[in-house]
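The values are calculated or read from the model by the stated rules, or taken from the named source; none is laboratory data. Small disclaimer: the values here were computed from a predicted structure and weren't measured. Here Cβ is always computed from backbone atoms with ideal geometry, including for glycine, and neighbour counts include all displayed protein chains.
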Amino acid sequence: MQNSAKIETALFFSAFPYKRSFLHYIKENNSHLSISNEPWNNKENIKILKYFFNNKQIEYAINKTQNYLKKKEYFNFDQIILWNEPEYSYLLKQIYDPPIVLFIKSTIEQPLNFNQYDTISIVGTRNPFPVSLLATDRIVELFSLCKNSQILINQIGKIQQKQIELFKEIKHIPANQIATVSGFARGIDYRAHLSSIYFGVPTFAILGSGIDFISPKKHIKLFEEAKKKNHIFYLVSEFFPSFKAGKYTFPLRNRIITGLSYYLFVMQAGEKSGALISADYAIQENREIFCFDHDFFKDLIYNNGNKKLIEEGANLLQLEI
């Protein structure tokens, strides 16, 4: 567990409401947080905060942090990574509004360094058809057989151009430095994490809530099962640990999902799917998008979001299921 000064600093900064301009300012000016006990008494911290938050908001963050510390006998997070630390994801730091604090809960004791992993992000509807779930399995399996994400993309290109069988020409390489990223929601997200465990691929679940209120609750079992198997599984949140998920927190989470990878795979999306928010972030941040489509959806509306993205220039992902 980190020292008390770092914990207090992380809690204090995460207690403020999301403000895109504030996060962008921190990034653009390479502003460093002053790590200290009682960080609200640090002149440099307050000087930065007062540009974006009023006294009432600052006082609220102080009280929230102090009350949380008084009531907590132990913390549900295992690690804190601040945005200016070397363990912070280089890719995530490139987005317009990178989170300045990330709370990590892990199945292993080794501290997380995001930059040790080559990641792909996988998203999709909460109500997928079996064909999309199977396609998700195939992508994770293929990734487990590849040395890195670039090889995965090259293989997908070969498969689609030559219409060869999936995995036929791929030699097995241990997947010890690659990982998947998704949002821990039901549907495609859950399947991506489940497949990752099955195929031995480390996985990151980006939460739309604080570490204390993981949602959906039933998905905690998957994390616990991974821990028993000593599988690498990280829960990641930018929110204050006791913060409960709300409608607006999931779009915020989506910018982190896309920000952590060069490649975003959208496995199924209707016209109003939340996965399209991830796609929008990916477009804004110049990430490469692959959208799965299949003859099964030819006369159905349930993958129209993907069809539209493909029409607008996203890569068509076709897999034999």
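A single entry from Pro216, Pro251, Pro202 fulfils the requirement of being assigned by TED's automatic domain parsing to the domain that holds Arg287 and within 18 Å of Ile100 (Cα to Cα): Pro251. If the condition is being over 16 Å from Ala10 (Cβ atoms) and over 26 Å from the mean Cα position of the chain (by Cα), then the range 59-92 contributes Glu59, Tyr60, Asn63, Lys70, Lys71, Glu73. Once the range 250-290 is narrowed to residues that are over 13 Å from the mean Cα position of the chain (by Cα) and part of a helix (DSSP H, G or I), the residue that is modelled with the lowest pLDDT is Leu276. The test for being at negative phi, in a helix (DSSP H, G or I) and free of Cβ contacts under 8 Å to residues at least 40 places away in the same chain holds for Tyr25.
Take the conditions (1) surrounded by fewer than 24 Cβ atoms within 10 Å (Cβ to Cβ); (2) at pLDDT 95 or above; Thr203 misses just one of them, which is (1).
For the range 292-313, the condition holds for at least one residue, the condition being that it is under 18 Å from Val181 (Cα atoms) and surrounded by 15 or more Cβ atoms within 10 Å (Cβ to Cβ). Considering every residue within the range 78-87, establish whether at least one is among the β-branched types (Val, Ile, Thr), crowded, with 18+ Cβ neighbours inside 10 Å and outside any loop (DSSP other than H, G, I, E, B). Scanning the range 78-87 turns up at least one residue that is among the β-branched types (Val, Ile, Thr), crowded, with 18+ Cβ neighbours inside 10 Å and outside any loop (DSSP other than H, G, I, E, B).
Considering only residues in the range 30-43 that are part of a helix (DSSP H, G or I) and under 30 Å from the mean Cα position of the chain (by Cα), the one that is nearest to Trp83 (Cα to Cα) turns out to be Pro39.
Flag set for Ser182, criterion: closer than 17 Å to Thr136 by Cα and either modelled with pLDDT of 95 or more or among the hydroxyl-bearing types (Ser, Thr, Tyr) (or both).
Inclusion of Ser14 among residues that are within 26 Å of the chain's Cα centre (by Cα), surrounded by 14 or more Cβ atoms within 10 Å (Cβ to Cβ) and at negative phi is warranted.
Being assigned to a helix (DSSP H, G or I), farther than 23 Å from Ile301 by Cα and touching a residue at least 12 places away in the same chain (Cβ under 8 Å): is that true of Val140 here? Considered against the rule, which asks whether it is assigned to a helix (DSSP H, G or I), farther than 23 Å from Ile301 by Cα and touching a residue at least 12 places away in the same chain (Cβ under 8 Å), Val140 comes out as yes.
Kindly evaluate Gln150 against the criterion of being part of a helix (DSSP H, G or I) and under 24 Å from the mean Cα position of the chain (by Cα). So Gln150 passes the test. Within the range 92-132, the residues that satisfy the criterion of being touching a strand residue (DSSP E or B) at 6+ places or on another chain (Cβ under 8 Å) and part of a helix (DSSP H, G or I) are Phe114, Ser132. Kindly list, by first and then second residue, each pair from a residue in the range 167-192 that is within 23 Å of Gln116 (Cα to Cα) and assigned to a helix (DSSP H, G or I) to a residue that is at pLDDT 50 or above and among the aromatic types (Phe, Trp, Tyr), limited to pairs with Cβ atoms under 9 Å and residues at least 6 apart or on different chains. Partner pairs satisfying both residue conditions: Ala192/Phe265.
Of the listed requirements (1) part of a loop (DSSP other than H, G, I, E, B); (2) touching a residue at least 40 places away in the same chain (Cβ under 8 Å); (3) not small (Gly, Ala, Ser), Lys247 misses just one: (2).
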